[in-house]
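The values are calculated or read from the model by the stated rules, or taken from the named source; none is laboratory data. In this text, all values refer to a predicted model and were calculated from it rather than measured experimentally. Because the Cβ atoms are built from the backbone with ideal geometry, glycine has one as well, and the counts that use them run over all protein chains shown. Heads up: the accessible areas ignore ligands, DNA and RNA and are worked out on the full protein's heavy atoms, side chains in. Shrake-Rupley method; radii C 1.70, N 1.55, O 1.52, S 1.80 Å.
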Amino acid sequence: VPDRDRVTRVPVVPVLLHLLETIGYPDVAGLADDLNHGFDMLGDLRPGPGWRPRTDDKYSCPAPIEALRSANLAYVTEKLRHGRPGPYAKELLQEVVEETRLGRMIGPLRAPAYWPAKTVALHDIAGMDCLLDPPAGDLFAAASFAILQADEEGKDKIRRGEDWRRSSHNTTVAAGDVPTHHSVQDFVDVVLRLGESGHPCLAMGHDLNAAYRQFPVKSPGHSGTILHTEAGPTLWCHLAMCFGAAASVWNFNRAADAMQQLLRILLLLLAGHYVDDFNAMEFDFLAGSGFETFAGLFHELGLRVKPSKAQPPQPEHIVQGVVFTIRPDGVELRPTDRRTKQTRTTIEEALSTNKLSPEVAQKLAGRLSFLTQAVFGKLGRAALAPIYSRGADTAAWAKPDLNTGLEAALRACRGLLVHLRPRVILRNPTPAIHCVIYADA
């Protein structure tokens, strides 16, 4: 079903809510309000059912809206006065125009009167040669920027994000829980349990297409974005949740959890998800029908999946960047060659230049986190702390130079990658003698 000129199809919401009520889902009232009126992108976030309480105070002291008004205006002023089109400005503009035609954004918009500069229309693009009025009320904007990622073949692809951190949007978020993510170890546990029956099982998966972009926002004016073009700065507002917003993570995972419960209760499918990446394990004689109804349920509810990333039932698939192989005696895990190469290249470059920026550190920490969960275990966990710390170091005066702890962590991770071997989790491991190491304090 092609995209319509709206974020969600109208018949989908009542059907989805009826199914959730039927299975007794505990968050029906909250999801009903969000799906019908849009998800809040600022302020207090709705808790997810069954999510663990936070053990830190990261989102316990949100900034008030008054502080956002001041901070965001200063940020916007800086971007309008000194911003320039980036090297991928044309590609980003093409994506924004397409998103607008699909009904996920509105624009180009006229800048509010209190902004220090005017925005421009797109006179060379049909239908966008005049400026529209911005939404009523507060308008908070974040600059669009290009994110380079590698596709399945290792080729670079450009993804657009908004800098909601520096624009101060994310400072208003308040959350007291942690979204549930199913790691590779969760799926290992499912396979080992299914194996107790004596029947072989297979892995399957689907990935939602433009996951965040399938769900609406409550106040488009809170989700503005500035994109610099050759003609001048342009202003747009999102009608759907966008990448870069802390609120998108909580909001989307609540919706994804609801879909997960439908898969489990209506289809009896042992499914889990890591954000928009859904996987399931099933007995071989049921896996074919499970895979078809898996995609069919999403389709009937208007949620689009990526055909190119569909993983039909097989004993081996890539799950969260790790080659997941179901063996007769258990499960074997090993990282993909491409991910290992990317990670080693990033580490080598950081060590050779003696520099690691927060942006690169965030991506590196994410890759290493998956490897730690799947392959290294607790062996690599300590080395992640300095890398995560650098990723969170966003102070204006921060320098990218490596410190002693960060350099040691990178060298430790490099050593683990050099001597990397597949990890095998046996269903019935042979009892062995274990050594215990003692040390003083």
- Residues located in region 176-214, provided they are under 19 Å from Gln314 (Cβ atoms), buried (at least 22 other Cβ atoms within 10 Å of the Cβ) and of a type outside the set (A, V, I, L, M, F, W, C): Gly205, His206
- Could you figure out which of (1) open to solvent by 40 Å² or more (accessible area, probe 1.4 Å); (2) more than 19 Å from the chain's Cα centre (by Cα); (3) over 20 Å from Val184 (Cα atoms) isn't true of Arg381? (3)
- With respect to Arg414, is the statement that it is in a loop (DSSP other than H, G, I, E, B) and more than 23 Å from the chain's Cα centre (by Cα) true? no
- Please determine, by comparing only the residues of region 218-245 that are open to solvent by less than 10 Å² (accessible area, probe 1.4 Å) and closer than 23 Å to Lys58 by Cβ, which one is farthest from the chain's Cα centre (by Cα). Ser223
- Query: Has region 100-112 got any residue that is in contact with a helix residue (DSSP H, G or I) (Cβ under 6 Å, 6 or more places away or on another chain) and either surrounded by fewer than 17 Cβ atoms within 10 Å (Cβ to Cβ) or not in a loop (DSSP other than H, G, I, E, B) (or both)?
  - Reply: yes
- Query: Can you name the residue in region 313-345 that is part of a loop (DSSP other than H, G, I, E, B) and either under 24 Å from the mean Cα position of the chain (by Cα) or more than 16 Å from Met204 (Cα to Cα) (or both) and, of all such residues, is modelled with the lowest pLDDT?
  - Reply: Gly321
- Those residues of region 330-345 that are surrounded by 13 or more Cβ atoms within 10 Å (Cβ to Cβ) and among the acidic types (Asp, Glu) come to a total of 1
- Message: Looking only at region 346-378, how many residues end up being of a type in the set (Val, Ile, Thr), surrounded by fewer than 17 Cβ atoms within 10 Å (Cβ to Cβ) and within 20 Å of the chain's Cα centre (by Cα)?
- Response: 0
- Every pair of residues 6+ apart whose Cβ atoms lie under 6 Å, when the first sits in region 147-162 and is modelled with pLDDT under 60 while the second is open to solvent by less than 60 Å² (accessible area, probe 1.4 Å) and not in a strand (DSSP E or B): none
- Among Arg423, Arg411, the single one that is in contact (Cβ under 8 Å) with a residue 24 or more places away in the chain, surrounded by 10 or more Cβ atoms within 10 Å (Cβ to Cβ) and farther than 21 Å from Val188 by Cβ is Arg411
- Those residues of region 86-130 which are of a type in the set (Asp, Glu) and over 23 Å from Pro216 (Cβ atoms) amount to Glu91, Asp124, Asp129
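State yes or no: is Leu286 more than 13 Å from the chain's Cα centre (by Cα) and crowded, with 22+ Cβ neighbours inside 10 Å?
no
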- Message: Return the pair list, or none, for Cβ contacts closer than 8 Å from residues in region 112-127 that are within 27 Å of Glu78 (Cβ to Cβ) and of a type in the set (Ser, Thr, Tyr) to residues that are open to solvent by less than 30 Å² (accessible area, probe 1.4 Å) and part of a loop (DSSP other than H, G, I, E, B), at least 6 apart or on different chains.
- Response: Thr119/Pro108; Thr119/Ala111
- Query: Counting only residues that are polar (S, T, N, Q) and touching a Cys at 6+ places or on another chain (Cβ under 6 Å), how many does region 56-108 have?
  - Reply: 0
